[in-house]
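What follows is a set of notes on a single structure, which appears directly below.
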Number of protein chains: 2
Amino acid sequence: MNIEQSISSISRQSLHVELVERLRDLIVDGTLAAGEKIPERELCERFGVSRTPMREALKVLAADGLVSLAPNRGAWVSKITVTELEEVFPIMGALEGLSGEMACLHISDQQIADIRKIHHEMVAHFKAGELNEYFSANQAIHEAILEAANNPTLRTMYRTLAARIRRARYLANMTDERWAEAMDEHEQILQALEGREGEKLAMILREHLKNKFDTVRQWLVDEEAES
Amino acid sequence: MNIEQSISSISRQSLHVELVERLRDLIVDGTLAAGEKIPERELCERFGVSRTPMREALKVLAADGLVSLAPNRGAWVSKITVTELEEVFPIMGALEGLSGEMACLHISDQQIADIRKIHHEMVAHFKAGELNEYFSANQAIHEAILEAANNPTLRTMYRTLAARIRRARYLANMTDERWAEAMDEHEQILQALEGREGEKLAMILREHLKNKFDTVRQWLVDEEAES
DNA sequence: TGACTTCATTTTGAATTCATAATTCAATTT
DNA sequence: AAATTGAATTATGAATTCAAAATGAAGTCA
């Protein structure tokens, strides 16, 4: 067992890692809104820490693209722009496609069974019109595929990008028609996964994401038109 | 003009950004060797800065995977393992393939002409047996394609991964046969680019990278066998 | 010899302090 | 009234300080 593993499994993480995670959550769930100024002192008071670990955390979040730093001017929550989403979505597509391909190489019958179970729950939430529960199940499926791909680096990169996208509260904009379409796509995802058809799964996942992007873009265009 | 742009064009970057870049270079070029312990005090003395900005820089590098942090134990230059390369290369392939596809959508005749020029220089270096010069030209071509893809997020992610891979001094292991093969692949890359055949280019780039990976893996297996 | 303790030293984590740059706002000028 | 200047305030960048944990060496005992 190497040093890093033995340490991380025993002691708790350092303060700045904790802060990175909590700040990321606050940004993703919108508590810290896009474009908002985030003064260090205020954040430090909120979390009861000094400026040193907070500043370390802000540097990491800036490297991840969730925070913008202006020298001597402080930190802002990064804005979500159409341009940014147009950059990020194709990359997400490439990564998710890859995760599908790799998942097909490694996935066990048990893992497929687990995903099928989530899939059925998702169908139930769809039929009940439970949007948030549907969304959670949906996300869980993509996470499970990512998990099956068995590539920690891919997982980290995917999640970093996903965080930037999830801040867009596009759900409200999803039409019933699009929702039904997404369900159909998910049926195909499950079938490709069960047949372990890597390339086909990759294609479906990319298409699925592209359609999602169209929904998000529409939301964002409307949003920007308002302000 | 937004705040970040107006600031960055006037004032110099903050210390920790400077440190991130310089440390990254030292790690990539092997001055700081993989697996090496890097005590903060020593680094601070080398760069003439205090521990605060240095620690900020180490946090960012750790997030990028070039440095490993063990709580209360300090920082190490991350080791390059076969496992890590097996994770990273397929991701590089997906990103480079995407960059090829996107480049074909946007690239101008001038940009293609520029790449063709570098390509010919590279051929000359190949014929002269100038490995390092060949490698620089090679890298410049991939960078130019990435540039033509016109996606800053993709560029950043690609470069972050590339930094992790380039530390492997695999060049020494490249056979003349493999070298000739790589040249042939580059001919195909140029042709696909000129024909703006996105999918074909993506495929060639992925294949090209996969072959490179095989070379690197062989180097690393030999390396690990030594120690 | 070799494993275990103890304690001084070193290193790191985080808080505090100090210097400097940016911001605010009242006073002044046009 | 609007724009400009400049002092006071505030926030940030970086160095220093302090506390806690890890390291390493000497000593102890089996």
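The values are calculated or read from the model by the stated rules, or taken from the named source; none is laboratory data. Source: prediction; values computed, not measured. We place every Cβ from the backbone using ideal geometry, glycine too, and count neighbours over all the protein chains shown.
A:MET92 satisfies every condition listed in (1) under 18 Å from the mean Cα position of the chain (by Cα); (2) within 16 Å of DNA strand D (Cβ to nearest atom) except (2). When the stretch B:99-125 is filtered for residues that are within 14 Å of chain A (Cβ to nearest Cβ) and either outside any helix (DSSP H, G or I) or crowded, with 18+ Cβ neighbours inside 10 Å (or both), the ones remaining, listed by number, are B:SER99, B:GLY100, B:GLU101, B:MET102, B:ALA103, B:CYS104. When the stretch A:63-98 is filtered for residues that are within 16 Å of DNA strand C (Cβ to nearest atom) and either in a helix (DSSP H, G or I) or within 7 Å of another protein chain (Cβ to nearest Cβ) (or both), the ones remaining, listed by number, are A:SER68, A:ALA70, A:PRO71, A:ARG73. I'm trying to understand the selection: among the residues of the stretch A:36-56, which are away from DNA strand D (no atom under 11 Å from the Cβ) and among the basic types (Lys, Arg)? Within the stretch A:36-56, just A:ARG46 meets the criteria.
Restricting attention to the stretch B:41-52, the residues that are part of a helix (DSSP H, G or I) and within 13 Å of chain A (Cβ to nearest Cβ) total 2. Would it be correct to say that B:ALA113 is more than 16 Å from DNA strand D (Cβ to nearest atom) and assigned by TED's automatic domain parsing to the domain that holds B:ILE165? In short, yes.
Please pick out the residue among A:LEU66, A:LEU43, A:LEU58 that is in contact with a Ser or Thr (Cβ under 7 Å, 6 or more places away or on another chain), modelled with pLDDT of 95 or more and outside the structural domain of A:LEU146 (by TED's automatic domain parsing).
On the way: A:LEU43 fails: in contact with a Ser or Thr (Cβ under 7 Å, 6 or more places away or on another chain); A:LEU58 fails: in contact with a Ser or Thr (Cβ under 7 Å, 6 or more places away or on another chain).
Of the residues listed, the single one that is in contact with a Ser or Thr (Cβ under 7 Å, 6 or more places away or on another chain), modelled with pLDDT of 95 or more and outside the structural domain of A:LEU146 (by TED's automatic domain parsing) is A:LEU66.
Residues in the stretch A:129-173 that are outside any helix (DSSP H, G or I) and either touching a residue at least 24 places away in the same chain (Cβ under 8 Å) or under 26 Å from A:GLU194 (Cα atoms) (or both): A:ASN150, A:ASN151, A:ARG167, A:ALA168, A:ARG169, A:TYR170.
Taken over the stretch B:24-37, residues that are within 16 Å of DNA strand C (Cβ to nearest atom) and touching a helix residue (DSSP H, G or I) at 6+ places or on another chain (Cβ under 6 Å) amount to 1. When B:ASN173 is tested against (1) touching an Asp or Glu at 6+ places or on another chain (Cβ under 8 Å); (2) closer than 19 Å to B:GLU96 by Cα; (3) surrounded by fewer than 18 Cβ atoms within 10 Å (Cβ to Cβ), exactly one condition is not met: (2).
Checked against the criterion of being at pLDDT 95 or above and in the same structural domain as B:PHE89 (by TED's automatic domain parsing), the candidates B:ALA168, B:ALA137, B:ALA172 yield just one match: B:ALA137. Counting only residues that are closer than 18 Å to B:PRO152 by Cα and out of contact with any His (no Cβ under 9 Å at 6 or more places or on another chain), the stretch B:97-128 holds 12 of them. Checking each residue of the stretch A:193-205 against the condition of being at positive phi and charged (D, E, K, R) gives at least one match.
Restricting to the stretch B:42-57, count the residues that are within 8 Å of DNA strand C (Cβ to nearest atom) and under 14 Å from B:LEU15 (Cα atoms). Please lay out each step first, then the result.
Our first condition is that a residue be within 8 Å of DNA strand C (Cβ to nearest atom); within the stretch B:42-57, this holds for B:42, B:51-52, B:55.
Keeping just the survivors that are under 14 Å from B:LEU15 (Cα atoms) gives B:51-52, B:55.
The number of residues fulfilling the criteria is 3.
With the structure loaded, tell me whether A:GLU40 is touching a helix residue (DSSP H, G or I) at 6+ places or on another chain (Cβ under 8 Å), of a type in the set (Asp, Glu) and surrounded by 18 or more Cβ atoms within 10 Å (Cβ to Cβ) or whether it fails that test. Against the criterion (touching a helix residue (DSSP H, G or I) at 6+ places or on another chain (Cβ under 8 Å), of a type in the set (Asp, Glu) and surrounded by 18 or more Cβ atoms within 10 Å (Cβ to Cβ)), A:GLU40 does not qualify. In the stretch B:1-30, the residues that are within 15 Å of B:LEU66 (Cβ to Cβ) and within 12 Å of DNA strand D (Cβ to nearest atom) form Cβ pairs under 9 Å with partners that are hydroxyl-bearing (Ser, Thr, Tyr) and modelled with pLDDT of 90 or more, at six or more places apart or across chains, as follows: B:HIS16/B:THR52.
Quick one: is A:LYS37 within 12 Å of another protein chain (Cβ to nearest Cβ), farther than 23 Å from A:GLU207 by Cα, in contact with a Lys or Arg (Cβ under 7 Å, 6 or more places away or on another chain) and modelled with pLDDT of 95 or more? Working first, answer last.
Details: within 12 Å of another protein chain (Cβ to nearest Cβ): yes; farther than 23 Å from A:GLU207 by Cα: yes; in contact with a Lys or Arg (Cβ under 7 Å, 6 or more places away or on another chain): no; modelled with pLDDT of 95 or more: yes.
No.
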